[in-house]
Every structure is written in structure tokens, then in C-alpha cells.
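> I'd like to ask you about the structure that follows.
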Amino acid sequence: MRWPAGLAAAIVAVALAACGSKEPLPPLPDAATVERQHQAFVEGLKPRREGRPVIVVLAQNDATETTDLLLPHAVLQRAGVAEVRIVAPRPGRIELFPALQVDGALDFDSFDRAHPAGADYVIVPAVREDDDPLLAGWLRRQADRGARVIGVCRGALVVGRAGLLDGRRFTGHWVDRGRLPERHTGATHEPHQRYVIDRGVATTTGITASVPAMLALVEAIGGRAKAQALADELGAGSWSPAHDSTPFGLTPRRGATYLLNKAALWRDEQWQVEVHDGMDDVALALAVDAWSRTWHVDVTAASASGGPVKLRSGVVVNARPAAAGLPRVPLGTGLKPLQQLDRTLCEVADRFGDSRLEWVLQELEYPAMSNPCTRS
């Protein structure tokens with residue numbers, strides 16, 4: 001499915017760029033400060049209860065962000081340090097945006113019966129309806145029972161609706177850094193940090209921040225060696241909170257580019273991604289998310305069987321038979337997930353140009369590729 005962002009949203013984006021605050025951000029913190037931020041995050045997420053922690057990845061059945069859901073679930077399952085469940089208001093299917101559909105969610109009532117003491121951690125992805133009272137109410141009840149809450153990207157909006165940002169420091173996707181303090185009394189935005197924690201409530205910057213944040217959570221539960229092994233597997237050089245917020249934000253030029261590209265509806269292309277049992281969730285999510293956020297590509301999943309497949313983490317992705325003639329999402333072999341993302345971003349630039357690449361980087365809030373794109 002496509003995330004429903006039309007011309008009206010683009011016009012609003014341009015207006016915000018023209019009229020928004022131009023106040024400069026503070027200087028970047030030094031290395032010692034960054035290390036203290038990291039240690040505070042890890043310490044703030046240390047398990048509070050004996051036994052194996054229970055981690056919920058919260059979802060909205062109708063629309064939950066692809067990478068925000070798949071990456072935390074996959075990384076935490078791979079770490080093997082906790083019981084991990086995807087939980088939603090209704091059991092079963094979850095539509096993801098900007099692409100894919102998964103199955104197997106546990107509903108709120110079933111989770112509550114199985115875990116009357118509540119979850120140890122609840123990870124909150126971005127969802128379509130951030131003011132959904134069912135999500136906010138359930139999340140608040142989990143927090144009241146002692147769960148630590150981690151809002152990934154625009155999941156901070158849901159965390160705020162649950163009343164968990166008032167009087168707290170937070171970060172979030174750059175598009176919300178002015179909105180959330182207006183909504184929540186005493187909430188203070190912290191720039192230049194990929195993740196922030198304040199009294200049991202954590203938040204992250206844009207979509208790709210789920211990589212370092214989940215590695216930091218793994219470190220808190222399972223130790224640094226476990227986190228380092230996962231970082232190596234993902235291709236992450238580190239999971240530091242260091243982040244330069246300065247390049248991320250709306251400008252009149254970016255808003256105009258977005259508006260023009262959304263107006264060119266005839267340029268949308270139907271693509272398919274071939275999925276199979278045991279496929280790496282993280283590489284799949286990052287590649288599909290990046291291509292879809294060009295807003296020129298609609299991606300659907302196809303399988304050899306024409307039906308659902310089970311990814312490496314155990315998540316079931318619904319798929320259809322492959323369609324002859326449709327372009328395929330290119331996925332490399334032997335690449336680590338973040339290497340796959342970097343390759344995908346270069347392919348985006350080759351196909352749609354540098355201005356599209358810049359917009360995708362903005363949406364993903366991806367700080368830098370490990371290697372610059374080269375063209376022959």
C-alpha cells in the first residue's frame with residue numbers, strides 16, 4: 001500500500017518551510033557528552049524484573065511503518081535476549097506503509113491474558129492514526145505497569161497521545177520537533193541525538209534510528225558483546241547516539257521538489273520484491289522502504305508459491321504470484337543490511353536523480369552512507 005500523502009500535504013510542507021522557525025540548532029556535543037548520552041540510555045533500559053524480558057512491538061492493523069515494525073522485531077528476535085511479540089488492537093494482519101503486509105499479530109486482550117503483569121518494554125512505531133485511543137490507552141496501561149516505552153521515529157506522536165511526553169526530554173523525526181512541544185506541556189526537544197531517554201520513556205529520530213536504538217536496547221539487556229556481534233552482522237559501525245540534526249528539515253526547495261514529484265502521478269511504477277522463507281527482514285525492509293519513499297515506486301511482495309512466506313525472524317509476509325514484466329526491487333547477495341541500504345540509495349540516485357535521493361534521505365533521516373555513490 002502507499003502512504004496517503006497527496007498534494008495538500010505537499011503544499012502544507014512548503015508552507016511550513018517558508019513560515020517555520022529559522023532558529024539555529026546548538027553546537028554538536030563533544031565525544032564525552034555523546035558517550036554519557038549513550039550510557040544514560042543503556043542504563044535507563046536495564047531490565048527491572050527477574051527472568052526473560054517481554055518486549056512488545058506495538059502495531060496498528062490498518063497502517064504501521066514498514067521499517068519501524070520489521071527492524072526492531074527482527075533485531076530483537078535475532079539477539080535472543082527476550083520474548084518478542086507484535087501486538088495490535090486486532091489479531092492477524094497488519095498493513096504496512098509505504099509497502100508490504102504481514103500477518104500474525106497478537107491482539108491486546110490475548111497479550112494481557114498471557115502477561116497480566118504487562119510487558120517489560122513496548123516499542124512504538126509510526127502509525128497512520130497517531131490519535132487512536134485504543135493504542136494510546138493500551139500503551140498508557142503498560143507504562144503504568146512498569147513498561148519502558150521506546151517511540152521509534154514518528155511513533156513519538158503515539159507516545160505523546162498516551163500522555164508520556166509531558167515534562168520529558170524527547171527526540172523524534174525532524175518533522176515533529178516543533179509540533180510535539182506545542183502539544184505536550186514541558187516537553188523539550190533534544191537535537192543532535194539519535195535516541196534519548198527520560199524517566200523510562202525513550203524516543204528516536206527518523207526511521208533509520210531504529211538500528212542504533214535497538215542495538216543499545218540489546219546492550220542494556222544482553223551486554224555489549226551481544227550488541228557488538230549484532231552490529232557486525234547488520235553492518236553498523238557503531239550504535240552511538242551521535243547525530244547531526246542540522247541537515248534535516250524542510251526548505252522551500254525541498255518542499256517544491258516534493259510538490260512537483262507528487263504532481264507527476266503518471267510517473268508511478270508498479271514493482272515487485274521477491275520474498276522467500278528465511279529472508280533477512282532488515283535488508284528487505286530497508287530496501288523496500290527506500291524505493292517506496294521515492295514516491296515513484298509502488299512495491300508489492302511476490303513469492304514462488306504465490307502465497308505467504310516466513311522471514312528469518314518468524315514474521316509472515318503476505319505475497320502474491322510473481323507478475324511477468326514488472327520491475328523487481330534489486331537485492332544484492334552477500335550484503336549486510338546496511339550495505340544493502342547504501343546500495344539501494346545509490347540505485348535510487350541512478351534511476352531518479354540526486355534530488356530524489358536527497359528526499360529519501362530526509363524521510364529516512366539517514367545521516368550518511370558509508371561510501372559515496374560512484375557513477376561510471
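> Using modelled backbone amide H atoms (1.01 Å from N, in-plane), which distant-in-sequence or interchain residues come within less than 5 Å of Asp298's amide H?
It is Glu269, Gln270, Trp271, by chain and number.
> So, one more: For Thr246, put the label point 7 Å out on the Cα→Cβ axis and report which residues of the range 185-202 keep their amide N under 16 Å from it.
191-193
> Shape call for the range 148-256 from the C-alpha gyration tensor, a ≥ b ≥ c root eigenvalues: rounded (a/c under 1.5), prolate (a/b greater than b/c) or oblate?
Cα axes put the range 148-256 in the oblate bin.
> While we're on this one: Between Arg113 and Glu358, what is the label-to-label distance in nm when each label sits 7 Å out along the Cα-to-Cβ direction?
5.5
> Give a residue-ordered list of calculated ³J(HN,Hα) values for the range 158-171 (Karplus: 6.51 cos²θ - 1.76 cosθ + 1.60, θ = phi - 60°; whole Hz; x for Gly, Pro).
So the J values, rounded to whole Hz, are 5, 4, x, 4, 7, x, 9, 9, 4, x, 10, 7, 8, 10.
> Quick one: if you stick a label point 7 Å off each Cα along the C-beta vector at Asp298 and Ala324, how many nm between them?
2.2
> Same structure again: Within the set Lys226/Lys336; Lys46/Lys226; Lys226/Lys310, which residue pairs have Cα atoms separated by over 23 Å?
Table pairs above 23 Å Cα-Cα are Lys226/Lys310.
> Another question, then. When Lys and Arg each count +1 and Asp and Glu each count -1, what net charge do the other residues less than 11 Å away from Trp174, Cβ to Cβ, add up to?
Local net charge: 0.
> Near Pro47, within a Cβ-to-Cβ distance under 11 Å, what is the net charge of the other residues, with Lys and Arg +1 and Asp and Glu -1?
Within the 11 Å Cβ shell, the charges total +3.
> Pull up the DSSP beta bridges for the chain and report the antiparallel fraction as a percent, rounded to 5.
Antiparallel: roughly 30 percent of the beta bridges in the chain.
> Then there is this: Could you work out the local net charge near His243, counting Lys and Arg as +1, Asp and Glu as -1, over the other residues with Cβ closer than 9 Å to its Cβ?
Net charge around His243: -1.
> Would you please put 108-115, 170-177 in order of how densely packed they are, using the mean number of other Cβ atoms within 10 angstrom per residue and starting with the highest?
Highest mean packing first, the order is 170-177, 108-115.
> Rounded, prolate or oblate for the chain? Axes are the square roots of the Cα gyration tensor eigenvalues, ordered a ≥ b ≥ c, and the cut-off for rounded is a/c under 1.5.
Verdict is rounded for the chain.
> Report the paramagnetic label zone for Leu25: residues of the range 166-181 whose backbone N is under 13 Å from a point 7 Å from Cα along the Cα-to-Cβ axis.
Within reach of a label on Leu25: 171-178.
> Where does each of 294-303, 117-126, 38-47 land if you order them by average Cβ count within 10 Å, highest first?
117-126, 294-303, 38-47
> Here's a follow-up. By per-residue mean of other Cβ atoms within 10 Å, what is the highest-first order of 30-36, 333-339, 218-224?
For the peptides 30-36, 333-339, 218-224, the packing ranking is 218-224, 333-339, 30-36.
> For the range 128-201, with only Lys/Arg (+1) and Asp/Glu (-1) charged at the beta-carbon, what is the dipole magnitude about the Cα centre, in debye rounded to 20?
The calculation lands at about 220 debye.
> State whether the range 47-146 is rounded, prolate or oblate according to the following rule on the C-alpha gyration tensor (a ≥ b ≥ c being the square roots of its eigenvalues): a/c under 1.5 gives rounded; otherwise a/b larger than b/c gives prolate, and the remaining case gives oblate.
oblate
> Could you look at the chain and say what percent of its accessible area is carbon and sulfur, using a 1.4 Å probe and all protein chains?
Carbon plus sulfur share of accessible area: 53 percent.
The values are calculated or read from the model by the stated rules, or taken from the named source; none is laboratory data. Bear in mind that the values here come from a model prediction, so they are computed numbers and not experimental data. Neighbour counts are summed over all protein chains in view; Cβ atoms, including those assigned to glycine, are modelled from backbone coordinates with ideal geometry. Side chains are part of the model used for accessible areas, which takes the heavy atoms of the whole protein and leaves out ligands, DNA and RNA. Shrake-Rupley method; radii C 1.70, N 1.55, O 1.52, S 1.80 Å.
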